[in-house]
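Q: Sharing a structure with you now.
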Amino acid sequence: SWGLFLSSRVHLSCIHQYQRVSLRGSHAHAHALCHGLAHAHALRGGRHFSGVPLLAKPWEGPYGGVPPFDSLNAATLAPALEHGMAELRSQVASLAANLEAPSFSNTIESLEDAGRVYHRVSSLYGVAVSAMSTPEVRALQTDVAPKAAALRDELVQNQALFERVAAVYEDASYS
């Protein structure tokens, strides 16, 4: 992940929920809950996509919304992951091709903001592959794993993006 900054309130709520749930003995569930809360907070007020069921409406509930675990399955995850990956690629390509001089706001902040939809759906994907060992989810994992690896490779090996980040890092006005 390119990073995720949480407000103190959401971070403390996550810790409280984690402790409360993990005391009952389900550390995996507590981790999934915290991960979901973090991404729900980051995406509060985010865009929604009517053609992608998991992204069609805002998440409802406390802490900026709770993931729709009731509609989580391989059939709903596949198009959401494809959409998220495509959007992240597009956002990073646009950032890397930006003709403005690299700055913290137009490079680092833009990079932090890129891929919010993908990260949102990735959280649900992680829960699904950890908790649902159905043939459909295993097939989805077989399909998605190399695509996700290729996406990570594209991001970390993007020379234009690296040069922008390096220029901000080397800029003495930010030190």
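Q: Which order do the peptides 60-68, 93-101 take when ranked by the mean count of other beta-carbon atoms within 10 Å per residue, highest first?
A: 60-68, 93-101
Q: Shape verdict for region 53-175, please, from the Cα gyration tensor: rounded (a/c under 1.5), prolate (a/b greater than b/c) or oblate.
A: prolate
Q: Any chance you could look up the accessible area of F162 with a 1.4 Å probe, heavy atoms only, rounded to 10 Å²?
A: Answer for F162: close to 130 Å² accessible.
The values are calculated or read from the model by the stated rules, or taken from the named source; none is laboratory data. Here the structure is a predicted model, which is why all the values come from computation and not from measurement. Here the Cβ is made from the backbone with ideal geometry for all residues, glycine too, and neighbour counts use every protein chain on show. The area values use the complete protein model at the heavy-atom level, side chains included, leaving out ligands, DNA and RNA. Shrake-Rupley method; radii C 1.70, N 1.55, O 1.52, S 1.80 Å.
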